[in-house]
2 protein chains.
Amino acid sequence: MKRGNVLIAQGGGPTAVINQSLIGAVLEARKFPQVDRVYGALHGVSGIVNEDFLDLTQETTHNLELVAATPGSALGSTREKPDKAYCGEILKVLIAHNIRYFFYIGGNDSSDTLRIVQEFAKKKSYELISIHVPKTIDNDLVINDHTPGFPSAAKFVASAFSGVNLDNRALPGIYVGIVMGRHAGFLTAASALGRKHRDDGPHLIYLPERNFKISKFLSDVKEVYNRLGRCVIAVSEGIHDTKGNLIVSKLQKDIERDAHGNVQLSGMGALADLLTEKIKTNLGIKRVRGDTFGYLQRSFLGVVSEVDQREAREVGEKACQFAFWNGASGSITIHRCGDYSVEYRLDPLVAVAGKTKTMADEFISKDGTNVTNEFRMYLTPLLGSNMPEAFRLRAPFVEKKLKK
Amino acid sequence: MKRGNVLIAQGGGPTAVINQSLIGAVLEARKFPQVDRVYGALHGVSGIVNEDFLDLTQETTHNLELVAATPGSALGSTREKPDKAYCGEILKVLIAHNIRYFFYIGGNDSSDTLRIVQEFAKKKSYELISIHVPKTIDNDLVINDHTPGFPSAAKFVASAFSGVNLDNRALPGIYVGIVMGRHAGFLTAASALGRKHRDDGPHLIYLPERNFKISKFLSDVKEVYNRLGRCVIAVSEGIHDTKGNLIVSKLQKDIERDAHGNVQLSGMGALADLLTEKIKTNLGIKRVRGDTFGYLQRSFLGVVSEVDQREAREVGEKACQFAFWNGASGSITIHRCGDYSVEYRLDPLVAVAGKTKTMADEFISKDGTNVTNEFRMYLTPLLGSNMPEAFRLRAPFVEKKLKK
């Protein structure tokens with residue numbers, strides 16, 4: 001393999017375990033003799049075009065391990081989506097710094113950036129190996145059984161719903177929790193893993209894989225409330241009507257769009273407030289509460305799946321191994337074998353780039369407001385060993401004396 | 001002491017450790033020979049007037065221990081605030097069931113209910129011992145150094161801000177996090193304990209102990225943003241203007257009030273959306289996000305301070321010990337000795353009932369947007385031993401080659 005430097009960057013939304021992938025790659029890369037230096041680019045592609053690099057060869061192993069266990073993107077991230085000209089600038093910088101191995105930890109957009117850069121390098125006959133290291137809490141990368149970052153976020157969401165279910169049981173009413181996930185409902189569906197007892201919430205789950213109708217929503221809520229005297233509801237931020245229009249955009253005057261043209265969904269309580277208002281007005285129920293889980297679900301310290309940690313670490317290591325032993329560019333993908341282990345493969349960048357996976361039909365119940373046991377089987381091993389469990393009193397009732 | 005039955009109830013908002021107090025009292029009460037049965041009232045005072053009692057004498061010790069470690073009020077709670085007639089009804093039920101020991105786990109309203117019931121019992125010469133067991137995430141009970149439930153909620157808030165600070169550092173912008181606390185800012189102030197590095201957020205903290213001015217808020221945010229390129233802000237849901245009008249109520253048309261006449265604050269994203277909108281409009285900053293922590297902060301499974309667990313357990317036990325050994329009614333209070341241990345005392349119900357403690361001036365920085373080291377010293381021992389810590393890369397920069 002070509003002797004030279006390694007460059008690693010992190011893109012898109014941070015996760016609880018994205019630094020495991022970074023550190024996995026850094027520590028592994030530092031072992032190979034053809035590697036002179038291991039650089040980290042600050043704030044993803046924007047740090048590359050600005051040449052904002054840290055020399056991670058000069059970082060202690062001890063501190064790298066501590067950073068690995070810290071959520072958030074330690075190098076900083078970016079929402080920039082490079083076009084062809086931008087990718088040309090990236091390549092210029094890679095050449096100037098003799099970068100021969102380029103690892104980008106991110107989602108399908110990051111994969112697409114690598115694809116373009118790699119094409120340009122080939123045209124210029126610049127020997128470059130580009131590896132996409134998978135990461136996203138949305139779990140929406142194709143080919144992959146699941147994506148690092150998702151299991152820990154799913155654990156947070158399941159734990160959160162387990163807790164709000166207890167709260168709602170103590171003070172009955174309606175509770176709406178809004179969960180991240182623009183096109184893929186995996187994270188919202190994870191709320192189901194917070195259930196234990198027969199009447200535990202979430203009692204209704206609304207996913208972007210199904211069209212949302214407010215009238216159906218209200219009759220669903222009414223049915224549960226009449227039956228249980230309470231109702232806990234998990235709603236994906238990406239729910240939309242039959243025409244694909246986002247429910248939240250029906251309310252907002254000024255729609256904020258990011259560099260990818262996506263409507264801003266997180267970082268505001270509008271959808272929860274809209275739905276709770278509809279319930280109050282139409283069903284006449286008084287205690288109706290809504291929370292938007294927001295940024296807590298992807299960065300919370302102390303709620304991490306150890307399976308997720310392990311796999312995030314390994315995809316970082318595998319990036320190096322595929323690069324240095326096989327000399328191939330591509331995207332690391334995770335495949336489930338048995339119940340439960342995984343293996344890692346290298347797929348072509350083009351196979352992952354810019355594509356979005358959503359929940360399979362077999363994971364969603366027929367009525368569209370619940371998950372199936374298939375999904376529970378799918379998610380359970382990813383959450384790791386220490387999911388907290390809720391217990392109830394089971395003492396007998398005391399006979400009434402006054403019986404008024 | 002009079003032979004008879006024990007009745008335990010839980011009132012107000014659930015906490016992460018309120019069941020420790022319940023189980024502490026149940027297990028201790030079951031040891032005393034003058035106790036025939038230990039009953040639990042469902043949903044606080046409303047379960048008492050309806051005679052909805054569980055016989056907790058017939059619950060396994062094993063399951064009681066599991067329930068103790070579960071957040072939420074296992075008996076169910078209530079927001080009802082009994083008037084004198086209601087308290088009269090409570091006493092009738094206590095007499096009918098030969099309840100001689102009445103323990104109510106709750107905040108200052110629960111303490112007030114006990115005070116009235118106890119007065120009525122005295123008038124009727126009915127031998128009754130009433131003990132208030134302290135609980136509130138707001139930490140607003142007078143006399144007490146702190147209140148069970150607060151430390152675990154504080155740990156959640158500190159952890160959450162530590163995480164969103166990492167997220168905000170990776171993708172810079174403005175982040176506003178709304179924290180519970182109507183009159184007392186303790187929980188919002190706890191966000192400061194999530195900081196570690198010099199430039200960590202929250203960079204600004206707004207408490208209900210200080211008047212809130214939107215113009216001052218905007219200039220504060222601008223100053224931090226200009227200096228750091230980002231700003232993380234912790235805001236109490238109870239912030240108000242100089243006239244005492246809630247900031248959130250400036251926005252809402254329909255204000256919801258509870259049985260205590262309080263404006264509904266949690267369970268909606270209005271305040272966060274109002275503040276982020278103001279920042280966007282007035283400061284022209286694009287990436288502005290707001291989250292309302294909502295119900296997650298008082299019920300989250302897996303985020304509990306072991307100091308809080310221990311003390312919540314002990315106040316439940318102490319209720320029994322004061323009742324059975326001293327035969328006195330009152331409110332259990334927590335007092336700090338040294339650095340750090342506590343002792344428990346029994347104060348008159350009237351000393352705690354209906355009163356609200358707020359943050360002392362020495363806990364709030366002069367400019368009103370930060371906490372002091374006094375506060376950090378106060379809160380640190382309450383959070384327990386396993387606060388997660390964030391680590392950063394400290395590698396040197398690489399020299400630029402293209403220097404564009």
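Only one entry of B:109, B:36 meets the criterion of being assigned by TED's automatic domain parsing to the domain that holds residue B:324 and assigned to a helix (DSSP H, G or I), and that entry is B:109. Against the test of being among the aliphatic types (A, V, I, L, M) and crowded, with 24+ Cβ neighbours inside 10 Å, the options A:141, A:94 yield a single qualifying residue, A:141. When segment A:28-45 is filtered for residues that are facing chain B (nearest Cβ under 9 Å) and touching a residue at least 60 places away in the same chain (Cβ under 8 Å), only A:39 remains.
For segment B:270-353, the helices (runs of 4 or more DSSP H) that sit wholly inside it and include 3 or more residues that are more than 9 Å from chain A (Cβ to nearest Cβ) and over 20 Å from the mean Cα position of the chain (by Cα) are B:270-283, B:306-321. Within the set B:68, B:85, the sole residue that is out of contact with any Cys (no Cβ under 7 Å at 6 or more places or on another chain) and touching a residue at least 60 places away in the same chain (Cβ under 8 Å) turns out to be B:68. Within segment A:374-404, being part of a loop (DSSP other than H, G, I, E, B), more than 18 Å from the chain's Cα centre (by Cα) and farther than 18 Å from residue B:70 by Cα holds for A:396, A:398, A:399, A:400, A:401, A:402, A:403, A:404.
Give me the residue from segment A:315-342 that is touching a residue at least 60 places away in the same chain (Cβ under 8 Å) and under 15 Å from residue A:151 (Cα atoms) and, out of that set, surrounded by the most Cβ atoms within 10 Å (Cβ to Cβ). Going through the qualifying residues, I end up with A:315.
Counting only strands (runs of 3 or more DSSP E) that sit completely within segment B:123-206, those holding 2 or more residues that are closer than 23 Å to residue B:72 by Cα and not assigned by TED's automatic domain parsing to the domain that holds residue B:8 correspond to B:174-179. Report, by residue number, each residue of segment A:60-77 that is surrounded by fewer than 21 Cβ atoms within 10 Å (Cβ to Cβ) and within 7 Å of chain B (Cβ to nearest Cβ). Of everything in segment A:60-77, those that are surrounded by fewer than 21 Cβ atoms within 10 Å (Cβ to Cβ) and within 7 Å of chain B (Cβ to nearest Cβ) turn out to be A:63, A:66.
Identify, from the list B:383, B:379, the residue that is within 14 Å of chain A (Cβ to nearest Cβ), surrounded by 13 or more Cβ atoms within 10 Å (Cβ to Cβ) and at pLDDT 95 or above. Walk me through how you get there before you give the answer.
Details: B:379 fails: within 14 Å of chain A (Cβ to nearest Cβ).
B:383 is the lone residue from the list that is within 14 Å of chain A (Cβ to nearest Cβ), surrounded by 13 or more Cβ atoms within 10 Å (Cβ to Cβ) and at pLDDT 95 or above.
The values are calculated or read from the model by the stated rules, or taken from the named source; none is laboratory data. Because the structure is predicted, anything quoted here is derived from the model rather than measured. Cβ sites come from the backbone with ideal geometry, for glycine too, and all protein chains shown count toward neighbours.
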